[in-house]
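The structure appears below as structure tokens.
The values are calculated or read from the model by the stated rules, or taken from the named source; none is laboratory data. Quantities reported herein were computed from a predicted structural model and do not represent experimental measurements. Here the Cβ positions follow ideal geometry from the backbone for every residue, glycine too, while neighbour counts run over all protein chains shown. Accessible surface is based on the protein model in full, side chains and every heavy atom, while ligands, DNA and RNA are left aside. Shrake-Rupley method; radii C 1.70, N 1.55, O 1.52, S 1.80 Å.
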Amino acid sequence: SSAASDVYKRQNIDCVFDNQLDGVNIISSPSGWKWIDIIHDLGMRLCDLAHQDFIIHCKTVDDIFAAKKAGKIAMVFVVEGAAPIENEVDRIDILYGLGVRQLGVTYSESNALGNGCKEVHDGGLTMFGKQCVERMNKVGMLIDVSHCGPQTAYDAITYSKKPIIMSPVSYTHLTLPT
């Protein structure tokens with residue numbers, strides 16, 4: 001057993017949702033990840049996984065249970081924001097084929113799908129965004145609206161035929177019970 005696997009086992013971690021942002025990824029633009037950056041980073045991550053024995057790249061819930069049963073750590077690939085797919089809905093299929101199982105609609109800033117939470121005005125999910133929600137539903141990719149503006153998140157939730165998540169979640173105010 002490697003030192004890294006021992007650390008994970010001592011933490012009682014069953015599954016890691018890997019956002020790919022660990023300090024060793026490639027971001028070639030000050031405006032964030034580009035398509036080629038994601039392909040590079042996923043390829044490197046898949047190569048690393050092929051040469052170790054304590055993490056299992058999981059693509060289904062059953063894979064997560066199987067990893068736990070085998071005493072391994074499950075890893076699910078996540079891309080936090082969909083900006084790198086640009087205006088190409090088929091890139092969702094490519095990401096799915098590479099093992100990505102969760103995709104954020106935005107990452108704080110607006111993109112072709114909708115508006116991010118940093119924007120002053122939120123016009124909601126775009127027509128392209130609706131196509132992407134439909135495609136993510138079709139291929140079985142979990143939709144994350146955590147960094148979306150409120151209208152974009154609401155639109156994605158109401159348009160999606162499958163459950164979505166908000167992970168992580170922040171709040172603008174908190175009202176405590178009296």
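Run the numbers for Val139 and Met166: contour at 0.36 nm per residue of separation, minus the present Cα-Cα distance, in nm.
The Val139-Met166 span can extend by a further 7.8 nm.
Sorted by accessible area (1.4 Å probe), largest first, how do Lys69, Lys59 line up?
Lys69, Lys59
Of Asp53, Asp93, Asp155, which has the largest mean-square fluctuation in a 10 Å C-alpha GNM of the chain?
Asp53
Mean-square fluctuation check for the chain, GNM, Cα pairs under 10 Å: which of Ala156, Ala74, Ala50 is largest?
Of Ala156, Ala74, Ala50, the most mobile in the Gaussian network model is Ala50.
Measure off 7 Å from each Cα along the Cα-to-Cβ vector at Ser28 and Lys68, then give the distance between these two points in nanometres to one decimal.
4.0
Suppose we take every Cα in the range 8-101 and form the convex hull; what volume per residue is that in Å³?
Output value, Cα hull per residue: 102 Å³.
Please report the accessible area of Tyr96 (heavy atoms, 1.4 Å probe, ligands and nucleic acids excluded) in Å², nearest 10.
70
Roughly what % antiparallel, to the nearest 5, for the DSSP beta bridges in the chain?
10
Between Thr158 and His51, with labels modelled 7 Å along Cα→Cβ, what's the label distance in nm to one decimal, could you check?
Each label point is offset 7 Å from its Cα along the Cβ direction, giving 5.0 nm.
Near Lys69, which aspartates and glutamates are there with a Cα under 16 Å away, not counting those fewer than 8 places off in the same chain?
The qualifying aspartates and glutamates are Asp14, Asp53.
Would you mind working out the accessible area per residue for the chain, using a 1.4 Å probe, and quoting it in Å²?
Result: 58 Å² of accessible area for each residue.
Using 0.36 nm per residue, how much length does the chain from Val16 to Ile36 gain when fully extended, once their Cα-Cα distance is taken away?
Once the chain is fully extended between Val16 and Ile36, it gains 4.8 nm.
Rounded to the nearest 500 deg cm²/dmol, what is the calculated helix-only ellipticity per residue at 222 nm for the chain, with -39500 (n - 2.57) per DSSP H run of length n ≥ 4?
-11000 deg cm²/dmol
Where the accessible area of the chain is counted over protein heavy atoms with a 1.4 Å probe, how much of it, in %, is carbon and sulfur?
After summing per-atom areas, the C and S share lands at 57 percent.
What residue among His51, His147, His40 shows peak mean-square fluctuation when the chain is described by a Gaussian network model with Cα springs under 10 Å?
In the Gaussian network model the winner is His51.
Enumerate the whole-percent occupancy of each 5 Å bin, from 0 to the last occupied one, for all C-alpha pair distances of the chain.
That works out to 1, 8, 16, 19, 18, 15, 11, 7, 4, 1, 0, 0, in percent per bin.
Estimate the FRET efficiency between Met44 and Asp93 by the formula 1/(1 + (r/R0)^6), using the beta-carbon distance for r and 22 Å for R0, to the nearest 0.05.
E(calc), rounded to 0.05, equals 0.55.
Normalised by the residues of the chain, what does the relative contact order come to in percent, with Cα pairs under 8 Å and at least six apart?
Relative contact order of the chain: 16 percent.
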